[in-house]
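Take a look at the structure set out below.
The values are calculated or read from the model by the stated rules, or taken from the named source; none is laboratory data. Just so you know, these numbers come straight off a predicted model, no measurement behind them. Here the Cβ is made from the backbone with ideal geometry for all residues, glycine too, and neighbour counts use every protein chain on show. Note: areas computed on protein heavy atoms with side chains; ligands, DNA, RNA excluded. Shrake-Rupley method; radii C 1.70, N 1.55, O 1.52, S 1.80 Å.
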Amino acid sequence: MTTARTAPRTDGGRISSAWQTWTDGDHRLAPIAGALVVIWVAFGIANPTFWTPENLVNLSLQSVSTGVIALGIVIVLLAGQIDLSVGSVSGLAAAIVAVGAVAGDWPVALGVVVALVAGALIGLLYGVLVARFGLPGFVITLAGLLVVAGVQWRVLGADGSVNLPFDSWLVKFNQAWFVPDGVAWVGAAVVVAGVATIGIVERRRRVLAELPAPTVLGVLIRPAVLAVLLAVVVGYLGQARGIGYSVVLFVVLVAVTDVLLRRTRWGRHVRAVGGDHRASLLAGVPVRRTLVSAFVACSTLAALGGVLAAGRLAAANQGTGGGGLFLTAIAAAVIGGTSLFGGRGSAWSALLGVLVIQSIANGLTLLDLDAATRNIVTGLVLAFAVSIDTLLRQRQQRSVTRV
Amino acid sequence: MTAAITLAGVSKSFGAAQALVDVDLEVNTHEVLAVVGDNGAGKSTLAGLLSGVHTPDRGQVRIDGEPVHLTSPAAARREGIAAVFQELALCDNLDVVENLFLGHEAAAGIFLDEVSMERQAWELLDQLAARVPSVRVPVAALSGGQRRTIAIARALLGDPRVIVLDEPTTALGIRQTAQVLTLVERLRERGHAVVLISHSITDVQAVADRIAVLRLGHLIGEFDAETTTTEDLLGAITGAVAPRAGGRAS
């Protein structure tokens with residue numbers, strides 16, 4: 001390879017792409033992270049209780065269930081589809097776990113497995129209907145929303161509400177179990193060391209391949225920022241109960257999904273299909289299989305979100321997963337920067353988006369404002385996020401005729 | 001010498017419409033064969049037959065003298081024929097490397113091998129002397145000519161012997177057209193057999209070695225690009241004048 005030609009390769013390696021991710025890149029995480037800080041400062045000033053470690057621990061626990069559902073939404077949105085039934089699917093999953101444990105005398109673990117399998121099967125059905133028969137996902141999942149909600153009510157039976165025993169591990173997992181302080185610090189250190197190691201190894205591979213590579217210092221910025229972030233979170237939440245196991249599960253799910261989406265064939269195919277269905281087909285991408293897998297992943301995560309909700313409430317009722325939950329989950333994904341038009345977004349947008357929505361809900365509740373105000377504010381934030389998404393898309397499309 | 005690819009007495013009909021009638025063509029390596037003709041002359045059908053999108057009703061396609069059955073684009077690729085269609089089939093949201101390897105990603109274990117893909121992408125683009133600002137920008141940010149370059153580069157990844165370009169300069173500006181035509185010359189230098197489907201006579205005269213003219217599904221004639229005038233070609237294309245008779249087509 002000629003070194004002379006290396007000069008115009010301006011894209012750099014991980015550092016600049018990581019930087020782009022945070023600024024004007026595909027995922028636009030920086031604006032939403034900034035918005036989150038603004039929201040926190042504003043609520044903190046309006047009512048200092050918002051900033052207390054105890055409230056932030058609550059906030060983190062409240063975010064888990066919706067966040068897991070939003071993560072599934074991110075996957076279908078990336079594939080250029082939508083799933084409107086995630087709320088109902090989560091409600092059905094919650095009902096299966098609760099009714100199984102109480103009426104069926106099942107071990108909770110069995111109920112969880114059955115709920116997840118039910119979610120996966122629902123997603124499989126959507127995927128086959130959309131990918132093989134070309135039915136519009138919007139309508140199919142809207143039908144699914146109604147059907148699954150009906151099934152959920154049937155499963156719950158006449159009372160419409162079933163309580164989980166408080167001593168079940170699922171309830172404790174979502175309410176009472178927190179990572180011990182020492183373990184949290186060690187875990188954070190391991191994560192930071194891992195991210196740093198991966199960065200160094202990748203930089204070395206790029207250097208050996210004579211590709212543009214960031215400086216060692218540049219590589220270490222990411223783990224350094226992560227270290228500060230984790231230290232603040234672990235230290236501050238540690239002053240109250242700490243970090244809940246369910247929160248750890250959510251963050252791990254987001255991180256794993258992020259790696260799958262960015263670093264595997266499957267993830268690339270999901271983004272390709274969402275970006276341009278026909279081009280993917282012509283390029284030899286297994287479009288059908290990819291679409292089916294996206295729906296399965298979404299419904300399974302929705303079911304998991306329902307299971308976690310059942311644990312957190314120690315109950316399942318007709319309202320679980322109902323109301324505007326599916327809209328909240330979709331709003332979280334979009335507020336977090338995942339495009340409604342397919343192909344653009346990041347798993348982390350589920351985390352950021354749900355934090356924004358739950359922070360608004362939590363903060364307005366602390367200010368004694370009612371649900372009506374919460375809805376109005378959340379709606380405005382959503383409108384703002386979608387406007388940004390559309391404007392950026394138009395800007396990116398200026399040289400392209402396809403709409 | 002046996003031609004890289006041969007069409008022998010090939011016909012193709014769609015219902016009652018005869019798209020191609022008894023066409024004979026040969027293309028050699030290190031050669032650019034242009035196929036010109038008016039709308040409906042059968043150019044796209046010819047491209048489809050070569051790239052496995054259509055199968056001939058009669059006649060044979062031969063590669064190095066061996067008859068082959070190109071039943072699908074994938075089958076054509078296995079036989080060493082790659083096609084770039086008017087519709088570029090690029091994903092706007094993916095970057096250059098992602099598009100080049102889409103559907104054929106290099107992976108180590110379950111993870112993508114970005115380093116080897118990016119390296120191969122640079123090597124390929126360097127060979128084509130293609131000017132792309134970065135291989136890590138979404139192709140939506142590239143110009144029409146650059147996008148076409150990426151589509152052509154992707155066709156080269158399997159190292160095909162024959163490359164079929166269907167209207168590669170349509171909707172491009174002057175500079176971008178020049179860019180693509182330079183690329184076509186470079187394909188010839190690399191030793192590919194190039195079939196250039198076009199309706200632009202100036203373009204094909206600029207780069208082709210031989211020019212085949214189609215009219216209403218019939219092969220009217222083959223012309224040597226060096227010695228043939230624009231008027232000859234126009235006459236053959238429109239049928240206004242007898243082929244090779246010279247004179248103006250009015």
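Let's see if you can work this out: charge +1 on each Lys and Arg Cβ, -1 on each Asp and Glu Cβ, no other charges. What is the dipole magnitude of segment B:77-225 about its Cα centre, in debye to the nearest 20?
Computed charge dipole of segment B:77-225: roughly 240 debye.
On average, how much accessible surface per residue is there in chain A, in Å², for a 1.4 Å probe, leaving out ligands, DNA and RNA?
Ligands and nucleic acids excluded, the figure is 45 Å² per residue.
Can you pull the semi-axes for segment B:5-238, root of five times each eigenvalue of the Cα gyration tensor, sorted largest first, whole Å?
Values for segment B:5-238, descending: 31, 21, 15 Å.
So how much accessible surface do A and B hide from each other in total, probe 1.4 Å, in square angstrom to the nearest 100?
The A and B chains share an interface burying roughly 3000 Å².
Once each part is reduced to its C-alpha centroid, what is the distance from segment B:22-71 to segment B:192-207 in angstrom?
For segment B:22-71 versus segment B:192-207, the Cα centre distance is 15 Å.
Ignoring ligands and nucleic acids, what accessible area does A:PHE384 show with a 1.4 Å probe (Å², nearest 10)?
140
Could you tell me the convex hull volume per residue, in Å³, taken over the Cα atoms of segment A:168-276?
Dividing the Cα hull volume of segment A:168-276 by its residue count gives 142 Å³.
Less than 18 Å from a label point 7 Å out along the Cα-to-Cβ axis of B:VAL53: which backbone N atoms in segment B:8-34 qualify, by residue?
B:11-15, B:17-21, B:34
Taking the alpha-carbon centroid of each part, what is the distance from segment A:84-107 to segment A:184-243 in angstrom?
38
Taking just the alpha carbons, could you work out the radius of gyration and Dmax for segment B:47-94, both in angstroms?
When restricted to the Cα atoms of segment B:47-94, Rg and Dmax are 12.5, 42 Å.
Taking 0.36 nm per residue of separation and subtracting the Cα-Cα distance, what length does fully extending A:ASN58 through A:VAL37 add?
Length difference between fully extended and current span is 5.8 nm.
Report, to two decimal places, the Cα Rg of segment A:244-403 normalised by 2.2 N^0.38 Å (N = number of residues).
This ratio for segment A:244-403 stands at 1.17.
Assuming R0 = 41 Å, what is the FRET efficiency of B:ALA129 and B:ALA16, from their Cβ-Cβ distance, to the nearest 0.05? Before the final figure, lay out each step's value.
Details: r = 47 Å, r/R0 = 1.15.
So, using R0 = 41 Å, E works out to roughly 0.30.
In segment B:5-238, if the dipole is taken from +1 on Lys/Arg beta carbons and -1 on Asp/Glu beta carbons about the Cα centre, which of B:VAL97, B:ILE152, B:SER51 is farthest to the positive end?
B:VAL97
If I take the Cα coordinates of segment A:326-385 and project them onto the principal axes, what are the three extents in Å, biggest first?
Here the spans come out as 39, 19, 18 Å, largest first.
Among B:HIS69, B:HIS192, B:HIS30, which one moves the most in a GNM of chain B with springs linking Cα atoms closer than 10 Å?
B:HIS69
Rounded to the nearest 500, what is chain A's calculated 222 nm mean residue ellipticity when only DSSP H runs of at least 4 contribute -39500 (n - 2.57) each, over all residues? Can you show the working numbers first?
Working: 16 runs with 292 residues, N = 403.
Rounded to the nearest 500, it is -24500 deg cm²/dmol.
Please name which of A:GLY123, A:VAL273, A:ALA109 has its Cα lying farthest along the dipole of the protein assembly as shown towards the positive end, using unit charges on Cβ (Lys, Arg +1; Asp, Glu -1) and the Cα centre as origin.
Working it through, the farthest residue towards the positive pole turns out to be A:ALA109.
Can you give the Rg to Rh ratio for segment A:147-196, taking only C-alpha atoms and Rh from Kirkwood?
Reported Rg/Rh (Cα atoms, Kirkwood Rh): 1.33.
Distance in nm between label sites at A:THR215 and A:ARG289, each 7 Å beyond Cα in the beta-carbon direction?
Spacing of the two 7 Å Cα→Cβ label points: 4.5 nm.
Send over the per residue convex hull volume for segment B:60-146, Cα only, as a whole number of Å³.
So the per-residue hull volume is 147 Å³.
Taking only C-alpha pairs under 8 Å that are 6+ residues apart, what is the relative contact order of segment B:5-238 in percent?
30
B:ALA74 versus A:VAL252, label points 7 Å from Cα toward the beta carbon: distance in nm?
Label at B:ALA74, label at A:VAL252, 3.8 nm between them.
If I histogram all Cα-Cα distances within segment B:1-134 using bins 5 Å wide from 0, what percent of pairs lands in each bin?
2, 9, 15, 18, 16, 13, 12, 9, 5, 2, 0
Could you grab the Rg to Rh ratio for segment A:115-186? Cα atoms only, Kirkwood for Rh.
1.19
Hey, what did segment B:58-157 get for relative contact order, percent, Cα under 8 Å, at least 6 apart?
So the answer I get is 33 percent.
Quick check: the distance between the Cα centres of segment A:24-73 and segment A:145-166, to the nearest angstrom?
31
Tell me, what is the 1.4 Å probe accessible area of B:PHE223, in Å² to the nearest 10?
Accessible area of B:PHE223: about 10 Å².
What is the Cα radius of gyration of segment B:110-180 over 2.2 N^0.38 Å, N being its residue count?
1.17
In peptide A:267-276, how many Cβ atoms from other protein chains are near each Cβ within 10 Å, on average?
Shielding by partners across A:267-276 averages 5.
Using a 1.4 Å probe over the heavy atoms of the protein chains, calculate the carbon and sulfur portion of the accessible area of segment B:5-238 as a whole percent. Walk me through the intermediate numbers first.
Working: 4500 of 9110 Å².
The C+S portion of the solvent-accessible surface of segment B:5-238 is 49 percent.
Under the definition of Cα pairs under 8 Å and six or more residues apart, what whole-number percent is the relative contact order of chain A?
Result for chain A is 34 percent.
Using the Kirkwood formula over every pair of different C-alpha atoms, what hydrodynamic radius in Å results for segment A:54-169?
Here the Kirkwood hydrodynamic radius works out to 15.4 Å.
With +1 on the Cβ of every Lys and Arg and -1 on the Cβ of every Asp and Glu, and nothing else charged, how large is the dipole of the protein assembly as shown about its Cα centre, in debye rounded to the nearest 20?
On the way: 49 positive and 47 negative charges, 143 e Å.
It works out to roughly 680 debye.
Over 23 Å, how big is the tail of the calculated P(r) for segment B:130-223, in percent of all Cα pairs?
Working: 1219 of 4371 pairs.
In whole percent, the long-distance tail amounts to 28.
Just the number: Rg to Rh for segment A:240-279, Cα atoms, Kirkwood Rh, two decimals.
Radius of gyration over Kirkwood radius for segment A:240-279 works out to 1.28.
Using a Gaussian network model of chain A whose springs link C-alpha atoms within less than 10 Å, name the residue from A:THR141, A:THR66, A:THR52 with the highest mean-square fluctuation.
A:THR52
How big is the protein assembly as shown by Rg and Dmax over its Cα atoms, in Å?
Computed over the Cα atoms of the protein assembly as shown, radius of gyration and Dmax are 29.7, 98 Å.
Taking the dipole about the Cα centre of chain A, with the C-beta of Lys and Arg at +1 and of Asp and Glu at -1, give me whichever of A:ILE376, A:PHE138, A:PRO214 is farthest to the positive side.
Among A:ILE376, A:PHE138, A:PRO214, the one farthest towards the positive end of the dipole of chain A is A:PRO214.
Divide by every residue of chain B the summed helix terms, -39500 (n - 2.57) for each DSSP H run of at least 4, and state the resulting mean residue ellipticity at 222 nm, rounded to the nearest 500 deg cm²/dmol. Walk me through the intermediate numbers first.
Working: 8 runs with 79 residues, N = 250.
Here the helix-only value at 222 nm equals -9000 deg cm²/dmol.
Most mobile of A:GLY87, A:GLY305, A:GLY218 per a Gaussian network model of chain A (Cα springs, under 10 Å)?
Result: A:GLY218 has the largest fluctuation of those listed.
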